[in-house]
Each structure stands twice: as structure tokens, then as C-alpha cells.
Amino acid sequence: MSETQEHCMIVCFFFSCQKYKEFERAVRVEEIDGLRLVKRLAENMEEMFHKKAQAMKRLVEAAEEAHLQHEEDPNLQYEYFNAVLINEVDEEGNSVELGGEFILQPNDHFNNLSVNLNLSVVQVPTNMYNKDSAIVNGVYWSEALNKVFVDNFERDPSLIWQYFGSAKGFFRQYPGIKWKPDEHGVIAFDCRNRKWYIQAATSPKDVVILVDVSGSMKGLRLTIARQTVSSILDTLGDDDFFNIIAYNEELHYVEPCLNGTLVQADVTNKDFNETGRGSECSQAIMLVTDGAVDTYDAIFAKYNWPERKVRIFPYLIGRESAFAENLKWMACANKGYFTQISTLADVQENVMEYLHVLSRPKVIDREHDTVWTEAYIDSTLTNFRIFVCLQRNRGILLGVVGTDVPVSELLKTIPKYKLGIHGYAFAITNNGYILTHPDLRPLYGDGKKRRKPNYSSVDLSEVEWEDKEDTVRHYLYIHLFQKRVLILHNDYYYTDIKGTPFSLGVALSRGHGKFFFRGNVTVEEGRKSAFLLSDSFLTYCNTDEHPEHRYLSQIEAIKLYLSGHEPHLYCDKELIQEVLFDAVVTAPLEAYWTSLVLNKSENSDKGVEIAYLGTRTGLSRINLFVVDFLTAEDREGVFNADHFPLWYKRAAEQVPGTFVYSLPFNTGYGSKFFHHLWLNVSLILAAFSLLPSSHLAAQRTGRTMQVPCDTEYPAFISERTIKENTGNIDCDGCVKSFVIQQIPSSNLFMVVVDNKCDCMYMSSSIALTPTAHNESLKCERLKMQKDRRRPDTCHPFHPEENSMECGGAVNLTQSLLTMPLH
């Protein structure tokens, strides 16, 4: 760095310090109480979640009331907007049946998809008749939901998709959008098969699948049996547990390690990866067989009667029905349901019958349990879902209403500036899967299009070190930031989020990350200092609540808030106060930078193209010495209160008063260097950055470097206490000596190497030694039990449910008739 560049940095430091001295008495430093902070953040999230849940409650009330007022009419004729047929015309240009003109307009809130904010559409699976009487009646009475959909969106503009999945099979979606079939003209989507629908309609369940593998189960029967087992597994969610047992003359656990245990039914564990003690709620045995020669009533009498806590669901495989009566008897005597599956096409529909049975207790209890899902990614956003089941008399399920909640809404409740430079918050589900975490990257980097497999079931232990001793966790934390290595010590704090299955954690880095710097200036002083804020995040003021505020920038919203003329605009008063203080203290930099630009000939040899400053509250000051210099990559590094860029984080960890040089990753030439200053008890107020002219030249060369993969980061870490080191390199018998010496007041090292040896062609390789598979280690891993938070509600059975609705009329034996059936 030249003397003139260093002089520029020192002058910047001087101006800010001088201004800071004027307000030093108004400054105070507060230590952050991690437990209080995490509880306060959890309360903010609870308020947001409650707001979404109330929207669903309004849909539940409207749907159940509309159904109550409706009388079924088998001859009802009703034209509705079919999601596939809207705006479709026939060969003569006329609208097709169930189509019609449906106004669609691009909407940026829905990622510029064309939607109708006034109406919903109805999707019917391809294998169902669009004008079936049950479908038409359901669509007719559910039209009442349109008004509630619109009202919910007006009350809470952050809502995205809202919908009603009917037990009859149709799916009503708001806002209305056109659905397109696949290349075969098919839409296979059936809301009743989706995990969110099943999770909302039933309680957590423990399922044991018994599969007949006797000699008669072969050919097509065995194929159907396998598909039946697969379909049953597809209905199980993360709160469910299961095991599979094959039998002929003897029992055989499909996974021998899991003898006598249950496995959690998440995406990975359906391949048997983790054991558990079960859901401790609904219990069922699925019997997949081509016949039973006995009813085994003595077994049931000994182990399951009279409570009948374990339901039996027999699936008779094949067309023969010689043993059907025995299987029907088992189902009816144990509150289950009997079905016969003759072809592969029958599998899905027959498997789903057991879900209607398990939903009966919840419906009879008239409990509208709010159910939350794990995070998922659609084509545009990372979301999670909230659902509530609907009910009608006699324990029959009407369907499920739900909405998607963007994870970004969750992040808005976390004021990043309160967590410090390296601090962060994360949320997990009751099963320990990450809902949001700064290290969770569910998309591959190339174009941000492809989803990673199992991205929604990443366990917290995979990204945070597990602690088995302290309530508050203390760790040496090595953060890669994907490009640079920083070694930090983090303290962890956590609590539950009431009313949801989620928990919240906060990590605060020791040192300056455990303290908060507060300054105080008057509003009038702050108004006089022009500054820049990023509009990437709605942090300072909530412009979503009121329609008149939705098109305000953050600067405009802050000015309106400070005027005192807008009582309906909610802003973070504490953050705005800190931004105003930073603006006043750093204001002299603008004048100094402006003088440099105006006197460009005098400073032309400095080689500075851009200087910018960022503070911990999101304030930015940028001065371009070369017009239009900022590239897309540079703009990503611009500072704001929800995103501390890498240059700021690295500067914060350097020795105070030193310079940080950085070579850009996308080029082999040029350099960036950063300088930061520290104020009062080592709390960072701001970081300065200067980019030399060689950086621009490198950008224009178009050179690129190999993009690292997700799991491999070659890195070198320097030990600051070591000022000098020496060593030798063996180049095929010739020894090359080198000396490394630290350059003072910087992060640079000077390396001197003698030229006695030519090591250019020296090859090095790492031999990979294959490791034999250890079956015993696999079993040990399978038997590792992680404690999970069980769902708050459970509806395993109800004394009023009609257990005789079990799949058909059955001639029960006299011994069974003498016992009470519930």
C-alpha cells in the first residue's frame, strides 16, 4: 500500500474520531444477556406464528359453517373455475367447460407468477371425474372460502398461498393460478396423499408392517405387496415411527439391527438409520398377506383386548377371497379397516383408507390442532406450512386448510444487529431438523436452481457440535464463511417457541459479540446527516402492515417515521436511534471524500477507485472515484443491518489499527484491502474499505477460478503470535529453503524462497485407502437414540367412534359378540 493510500485511511480515522469525541458522553456499552435475548426473539416469533394461525382458524370456521348450511344434492350442476381448464378454448374459440375467462396478472409478491387475487381455483386429480356429484357439492359449498382468503390476505399481506384440501380429493387454491399438466397430459397431484394433509388429519403413529413372504406370495402378488408397503411408508411423516417384519414360518426383521424397536419415519430413516421409542400415540399393525387361515382371537384377547389400543389393518393381496372373512374379522374386532388389493392400480386408494380411520378420534374430539411442517423449497422460496383439519358430525373428516409461510417472515423477527457481527439465530423443528440456519444452503450453487436431496431433514447436529454437559453451550467454533476461515468462541442459548413445535437458538461470539454499543443523538442532528441504507431487507420499518406504506423505501419510511405524522407506521425505534448516531459520527467522511474527488488530479496517483464504510447498524457510506465501478459481486458485499459482508467480519477480527488485504476470489490478479477502527472497550463501530485500481483491471480480464464444492475448503490459518518461521521443501533430493515473516500492521506475510531447486514438476498425490464396511458399527449407530420433542396433542382413539365401519359386513364369531366393541 502506498503512503498516500495509508494517509487517506488515517485521515478518515481522524475525522470520525474527532466527531465521536463530541458525543462520547452520550455513548454507553451494554453486555448482551443471551437468555433474555433468545426469549425476546421467541416472543416475536410467537406473535408472528399466532397471526398465521388465526388466519387458518377463520378458514376453519367459514368452511365448517358453509358445509353445515349445505344440503347434498346428487343432481347439482355447478360451473367452477378448474385450475387446468381456465382460459382454455376449443377449436371454435369458445371457452371449454369448467374453463371460462379467468383474469391473471403478474404479482411480485408471488415471484411474478400470474395470479388472481380475487378468486381461487379448484384442482381435481386426473384420475377423478371433474363433475362427480361429491366433487361438485364440495366445490359449491367451499366457494364461501373465497371471501375469507381475500380477507386474510388484506389483513396480513405477508401471506402467500392459502388452500383447502378436501377429503373428497379436490384442492382449492388462493390466489387463483393456472395449473399445467405434464407432457402426458396428467396432473398426479392428490392433496390427500401429501404429507402435510396426512400430518394434519391424523395424530402421530407407531406402525408395524407385517409382510407375508410365504411360498404363495410370488409374482404379481409379491410385486403388489411391495408396492403396498412402499405406499404405507409414503404416508408416514417425521413424527411417526415404524418397523417392517417379514414372516413365513418364522419372523424376520427387514433390518436385523432393529430387532424389537421402532424407527423414526423421516426421509433418511425410511432406509433404517435411527431408532426410537415410538410416537407414544396411535398404534397400528399393517398386515400385508394373501390370506389367513385363522382369526387368532386368542392372541388379540391376550395382548390387545379390551382396550384395543393397537388397530389392525389387513391388506388382502390378489383376487381370491377365500380367507377374506378372517381378515375382515381381525379389522373389525380391533378398530381397524379391511381392504382387498387386486391390481397395482388399486394400491394407492386402498392404502389411504387407514388414514380415514385414524383421523376419526381427532374429528370426534373436535380439536382443531394447528400443525406445522418442516421447511421446504418450492420453485421460488423457502417456506414452511401451517395446517388445521376440518370436521363434521359422526367423525368424518371434511379436509384440511393451510397456508405457506416464507422463512423470510421468520427472519424478519430476528434483528441481526442485536446478535453482533458473528452472532446468528437458528430455528429447528421438534425432530431436530433445521428450519432456518445461516449454514443451511438447500440449493446447489450453480444458478440456485437445483434442490439438494433431503434438504428438509438436515439435523442440527450436522451443522452444530453436540453438547452433552452444559445447559448453555460453549465451543471453539471454526467458521468457513465458504471462503475464509475465522476461529471464534461461541456461546449458545435456546428456548421453545410457544404454540409451535419449533425451538429457537442464538449463538453469540465472545468478545465484542457479547456487547452492544449504544449512542444517542437528537433526531434533528440525525436528519442533517445524509446516509445510505440497503433496501434488501425490511429491517428498520415494517412497510407491509399498511397498504399506503408498501411502496416506501426504507429511507422514505424512516423519514416519515421521524416526522411524527404517521402513527400507523411501525419502526424499530432502537435501531433507528443507533443509525442516526452512526450517521452523525461518520458524516465528516463525506466531505473529505468529496474533496478528494473534486481535486482528482492531486490524488490521481493514489490508485483508489472506491471507498466505503459500513457500521453495525446497516449504515453505508460509499464514494466512487471511478464512475460505475460497482459490479454485481461488489453490490453483494454492500453492508446492511441484516447482512454483515465478509470484508466487515474479517476486519472485526483483526488486531485494532491494522490493515486487511484480500485477493478477490474470481480473479487471479488485483487486491482489495480493508481497514477498521475500534472505539471504546474494543467495540467495533465501523469498517473502512479501499479498492485499488488493479482490481478493476482484473475484473475486466474475465478470469475465473474453480468454484469449491460444498464440503471441501482448502485453507491456511496463521498464528498471530508467530512473527517468523523457516522451513525446507524436499524436491526429489534437492532441498529448497524458505523463510516466512509477518508484515507489521497487516494480515500479510513475506515469503522468501531460494532458487537452488526446481520444484515445478514435482508431483504429489494422496493415496485413498478403501475402508472395509463394519456391520457392527452400523448397528451401534442405528441404536443411538436422540431425544425428540413429542407433539403436544394426541388423539389415538375415542369411545364414540363407530368401529364397525371397518371395510364391509362381517359375520363375527359368538365369542366376539359376547365382548363389548367400541
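Nothing in this text is a laboratory measurement; each read-out follows from the coordinates by a stated rule. Only a predicted model underlies this, so the values are computations on that prediction, with no experimental measurement involved. Cβ coordinates were reconstructed from backbone atoms using ideal geometry, including for glycine residues, and neighbour counts include every protein chain displayed.
Among residues other than Gln348 whose Cβ falls under 12 Å from its Cβ, what is the net charge (Lys/Arg +1, Asp/Glu -1)? Please report the intermediate quantities before stating the final value.
On the way: positive: Arg192; negative: Asp190, Asp234, Asp346, Glu349, Glu353.
Value of the local net charge: -4.
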Arrange the following residues from fewest to most other Cβ atoms within 10 Å of their Cβ: Met45, Met750. Met750, Met45
Return the sequence-ordered ³J(HN,Hα) values of the range 115-131 in whole Hz as given by the Karplus equation 6.51 cos²θ - 1.76 cosθ + 1.60 applied to θ = phi - 60°, using x for Gly and Pro. 9, 10, 7, 9, 9, 9, 10, 10, 10, 10, x, 4, 7, 10, 7, 4, 10
Row for the range 219-268, column shape: gyration tensor on C-alpha, a ≥ b ≥ c, rounded if a/c < 1.5 i.e. under 1.5, prolate if a/b over b/c, else oblate; value oblate
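Once you list every other residue whose beta carbon is under 10 Å from the beta carbon of Phe581, what net charge do they have if Lys and Arg are +1 and Asp and Glu are -1?
Numbers: positive: Arg518; negative: Glu525, Glu578, Asp582.
Charge balance in the 10 Å sphere: -2.
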Can you list residues whose amide H is under 5 Å from Gln283's amide H, if they're 5+ apart or on another chain and H is modeled 1.01 Å from N? Asp206, Arg311
Going by amide H atoms built from the backbone, whose H comes under 5 Å of the H on Gly336, apart from near neighbours? Ile312
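Among Met330, Met48, Met286, which comes first, then next, by fewest other beta-carbon atoms within 10 Å? Walk me through the intermediate numbers first.
Values: Met330 25, Met48 17, Met286 22.
So the residues, fewest neighbours to most, are Met48, Met286, Met330.
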Simple spin-label estimate for His568/Lys498, 7 Å along Cα→Cβ, in nm, reads 3.0 nm
Taking the simple approach of a point 7 Å from Cα along Cα-to-Cβ for both Tyr661 and Val29, what is their distance in nm? 3.1 nm
Mind giving me the FRET efficiency for Met804 and Val293? R0 is 22 Å, r the Cβ-Cβ distance, nearest 0.05 is fine. 0.35
Taking a ≥ b ≥ c as the square roots of the eigenvalues of the Cα gyration tensor of the range 125-254, is the shape rounded (a/c under 1.5), prolate (a/b larger than b/c) or oblate? prolate
Tell me, what HN-Hα J-couplings in whole Hz come from the Karplus equation 6.51 cos²θ - 1.76 cosθ + 1.60 at θ = phi - 60° for each residue of the range 243-255, using x for Gly and Pro? 7, 10, 10, 9, 9, 9, 6, 10, 8, 9, 5, 4, 10
Cα→Cβ-extended label distance, 7 Å offset, between Arg550 and Asn111, nm: 2.0 nm
If I take R0 = 51 Å and measure r between the Cβ atoms of Lys195 and Gln69 in this structure, what FRET efficiency does the formula 1/(1 + (r/R0)^6) give, to the nearest 0.05? 0.95
Any chance you could check the Cα centroid distance between the range 79-129 and the range 40-70 for me, in angstrom? 27 Å
Expressed in nm to one decimal, what extension gain is obtained for the pair Asp792 and Glu79 from 0.36 nm per residue of sequence separation less their Cα-Cα distance? 252.5 nm
Distance from a point 7 Å along Cα→Cβ of Arg58 to each backbone N in the range 92-122: keep the residues under 13 Å and list them by number. none
Name the long-range amide H neighbours of Leu398: under 5 Å, sequence gap of 5 or more, or other chain; modelled H, no Pro or chain starts. Leu390, Gln391, Arg392
Once the Cβ-Cβ distance between Glu320 and Asp369 is put in as r, and R0 is 41 Å, what FRET efficiency do you end up with, to the nearest 0.05? 0.50
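Going by how many other beta carbons lie within 10 Å of each one, how would you line up Tyr376, Tyr296, fewest first?
Details: Tyr376 18, Tyr296 14.
The fewest-first ordering by Cβ neighbours comes to Tyr296, Tyr376.
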